[in-house]
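Beneath this line is the structure, given in structure tokens, with notes to follow.
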Amino acid sequence: MKELIKLFLIFFRIGAFTFGGGYAMIPLIEEEIVNKNQWIEEEEFLDIIALAQSIPGALAVNTAAYIGYRKFGFLGAVTACLGAVLPSFFIILIIAKFLIGTMDKRLIEKIFKGIRPAVVSLILVAFFKLKKGVNKTAFSYVVVTATILLVTVFKVHPIFIIIMSGIFGYLCFQKE
């Protein structure tokens, strides 16, 4: 029970203090789950992130569910998910109830101008951490280059790219 409370508090804290969505949460989750508590290995964490971004749902919630389940079963998955989503739920509830219509729009804009660079930095940290887990092969360079071109130049939807990359990976590596 003590470990479940710890799991809840970890994801609650991450959910409460992370702006910018799931990618900005990755370094915080890694620090708590892999480095501090050593509940999973770094390589498995990178696999979890790859899986969590490949399936429907929010990256942070998918990651929380997997880690919670991996460590503590179904109750762990529920506990971690609640920890990850409750802060946002409460913040939105408070904003909707008390602050809409009374907030100074310029104040909020200034706050977010300060938050944006930190969010971008956290996403870059996640990028560099995830990059370590990618094998530097011709296959990975082709996939990275093709993905960048397909998304930026041809405006192909990322879901299509994920599905095609999975199929392509399966076909290329089925003999391993």
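Brief remarks on what is shown
- The set of residues from the stretch 14-41 being at pLDDT below 90 and of a type outside the set (A, V, I, L, M) comprises G15, F17, T18, F19, G20, G21, G22, Y23, P27.
- When F139, F89, F74 are screened for being exposed (fewer than 11 other Cβ atoms within 10 Å of the Cβ) and either assigned to a helix (DSSP H, G or I) or hydroxyl-bearing (S, T, Y) (or both), only F74 passes.
- Just one of the numbered conditions (1) among the charged types (D, E, K, R); (2) loosely packed, with under 13 Cβ neighbours inside 10 Å; (3) under 22 Å from F8 (Cα atoms) is not true of K110: (3).
- Applying a threshold of 6 Å to beta carbon distances and a minimum spacing of six or more residues, or different chains, the list of pairs starting in the stretch 104-119 at a residue that is touching a residue at least 12 places away in the same chain (Cβ under 8 Å) and ending at one that is in a helix (DSSP H, G or I) and not basic (K, R) reads V119/A24.
Results for (1) farther than 27 Å from Q53 by Cα; (2) assigned by TED's automatic domain parsing to the domain that holds L28, shown as yes or no for each residue.
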{"site": "L86", "(1), (2)": "no, yes"}
{"site": "I91", "(1), (2)": "no, yes"}
{"site": "A96", "(1), (2)": "yes, yes"}
{"site": "K105", "(1), (2)": "yes, yes"}
{"site": "K110", "(1), (2)": "yes, yes"}
{"site": "I115", "(1), (2)": "no, yes"}
{"site": "A118", "(1), (2)": "no, yes"}
{"site": "F139", "(1), (2)": "no, no"}
{"site": "T147", "(1), (2)": "no, no"}
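- Test: residue in the stretch 45-55 that is out of contact with any Phe, Trp or Tyr (no Cβ under 8 Å at 6 or more places or on another chain), farther than 19 Å from F128 by Cβ and not assigned by TED's automatic domain parsing to the domain that holds I161: yes
- Counting the residues of the stretch 110-152 that are more than 25 Å from L28 (Cα to Cα) and over 22 Å from the mean Cα position of the chain (by Cα) gives 10.
- A65 vs. criteria modelled with pLDDT under 90 and part of a helix (DSSP H, G or I): no
- Here the stretch 50-71 is the region considered, the condition is being of a type outside the set (A, V, I, L, M) and more than 21 Å from I10 (Cα to Cα), and the residue that is surrounded by the fewest Cβ atoms within 10 Å (Cβ to Cβ) is P56.
- Residue in the stretch 98-108 that is acidic (D, E) and in a helix (DSSP H, G or I) present: no
- Yes/no for E3 being more than 27 Å from I92 (Cα to Cα), assigned to a helix (DSSP H, G or I) and either among the charged types (D, E, K, R) or assigned by TED's automatic domain parsing to the domain that holds I161 (or both): yes
- Positions within the stretch 18-49 being under 30 Å from G114 (Cα atoms), in contact (Cβ under 8 Å) with a residue 24 or more places away in the chain and surrounded by fewer than 17 Cβ atoms within 10 Å (Cβ to Cβ), in sequence order: F19, G20, G21
- Taking every residue in the stretch 150-161 that is surrounded by 10 or more Cβ atoms within 10 Å (Cβ to Cβ) and pairing it with any residue that is not in a helix (DSSP H, G or I), at least 6 positions away or on another chain, the pairs with Cβ-Cβ distances below 6 Å are L150/V156.
The values are calculated or read from the model by the stated rules, or taken from the named source; none is laboratory data. Only a predicted model underlies this, so the values are computations on that prediction, with no experimental measurement involved. FYI the Cβ positions are ideal-geometry reconstructions off the backbone, even for glycines, and counts take in every protein chain you see.
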